[in-house]
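Notes follow the structure.
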Amino acid sequence: MKYYVISDVHGFYTAMKRALMKAGFFEEKEPHKLVLCGDMMDRGSQALQMQEFMMQMLREDKLIYVRGNHEDLLEAMVTDIAYRRPVSEVHEWNGTWDTAVQLSGLDKSLAARYPMEVARRLRETDFWHELLPASVNFFETEHYVFVHGWIPCYDEPPAAIDLDGELHCRPDWREATLKEWKKARWFNGMECACISHYGVPDKTVVCGHWHTSYGHAKIEHKGSEDGRNADFSPFYAKGIIALDACTAYSGYVNCVVLED
């Protein structure tokens with residue numbers, strides 16, 4: 001099977017489509033899937049186009065949707081609104097509220113007055129009813145594990161494990177609880193793989209969440225993390241492929257093609 005892998009597209013439909021076209025996704029004749037390593041929405045202004053495209057992929061059985069931290073943020077915001085809590089600044093600057101407004105179809109000024117109506121309309125969308133329920137914590141093939149941030153780990157290792165770093169391997173990561181997966185979605189995979197040396201033996205973990213310029217600058221010592229010479233191309237190292245191109249800043253999406 002051939003996998004076209006993207007991550008952190010954040011509602012930037014045009015940039016994502018451009019990356020897929022460049023990679024040959026739409027011309028592919030062999031069996032293939034689109035793997036999204038989380039954060040389908042938030043920050044971009046094309047939530048409706050993204051929803052339509054991803055629904056098409058889901059209905060054609062071409063989409064593998066790995067859940068990201070922004071999917072968790074959206075569900076948390078809807079819960080807050082249901083309890084009549086105000087929309088927090090976290091949801092404002094993360095783009096979560098804007099995504100809900102886009103999908104609701106309400107004018108922004110009207111949406112600000114009636115957040116309960118925004119949440120009600122959001123819960124009626126294909127994104128809420130079909131895409132979110134189709135998402136998974138991880139997807140695994142013979143040689144790869146696809147996640148958002150990283151796989152769950154121990155903050156403090158059991159006594160049987162040497163104290164050689166902050167994060168430590170837990171062999172039963174596949175059996176982790178939802179709470180543990182939600183925490184792992186915020187991890188910096190490049191730090192986990194290259195500094196804590198925590199990953200999956202004999203497999204490569206493909207992740208997003210943290211901009212790849214971090215790995216190029218801090219680990220490879222090439223360019224800067226966010227300056228003019230920042231490198232947002234995919235980051236490759238032992239046991240990891242990181243993909244988050246920080247699309248809101250760089251303007252493009254990374255897409256790698258893997259066969260397994």
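For residue 145, the amide hydrogen comes within under 5 Å of the amide hydrogens of 204, 205, 206, counting only partners 5 or more places away or on other chains and with H modelled in the peptide plane.
Computed over the Cα atoms, what is the radius of gyration of segment 1-49 divided by 2.2 N^0.38 Å, N being its residue count? Walk me through the numbers on the way to the answer.
Numbers: Rg = 11.2 Å, N = 49, 2.2 N^0.38 = 9.7 Å.
Scaled against compact globular proteins, the figure is 1.16.
Which entries of 33/179; 33/183; 2/203; 22/62 show an alpha-carbon separation above 20 angstrom in the structure shown? Please list the in-between numbers first.
On the way: 33/179 28 Å; 33/183 27 Å; 2/203 17 Å; 22/62 18 Å.
Violating the 20 Å limit, Cα to Cα: 33/179; 33/183.
The helix-only estimate of mean residue ellipticity at 222 nm for the chain, built from DSSP H runs of length n ≥ 4 each weighted as -39500 (n - 2.57), is -8500 deg cm²/dmol after division by the residue total.
Highest average first, the peptides 105-116, 203-214 ordered by how many other beta carbon atoms sit within 10 Å of their residues are 203-214, 105-116.
Average the reciprocal distances over every distinct pair of alpha-carbons in the chain, invert the result, and give the Kirkwood radius in Å.
Working: mean 1/r = 0.0527 Å⁻¹.
Radius from the Kirkwood sum: 19.0 Å.
Accessible area of residue 172 (1.4 Å probe, protein heavy atoms only, ligands and nucleic acids ignored): about 70 Å².
When Lys and Arg each count +1 and Asp and Glu each count -1, what net charge do the other residues less than 12 Å away from residue 105, Cβ to Cβ, add up to?
Working: positive: 108, 120, 121; negative: 107, 117, 124.
For residues surrounding residue 105, the net value is 0.
Extension gain, residue 175 to residue 195, is 4.8 nm, computed as 0.36 nm per intervening residue step minus the present C-alpha separation.
How do 228, 85 stack up against each other in accessible area, from largest to smallest, with a 1.4 angstrom probe? Don't jump to the answer; show the numbers that get you there.
Working: 228 250, 85 115 Å².
From most exposed to least exposed: 228, 85.
The values are calculated or read from the model by the stated rules, or taken from the named source; none is laboratory data. No experiment lies behind these values; they were computed from the predicted model shown. With ideal geometry, Cβ positions are generated from the backbone for all residues, glycine too; neighbour counts draw on all protein chains shown. What goes into the accessible areas is simple: the full protein's heavy atoms, side chains included, and nothing from ligands, DNA or RNA. Shrake-Rupley method; radii C 1.70, N 1.55, O 1.52, S 1.80 Å.
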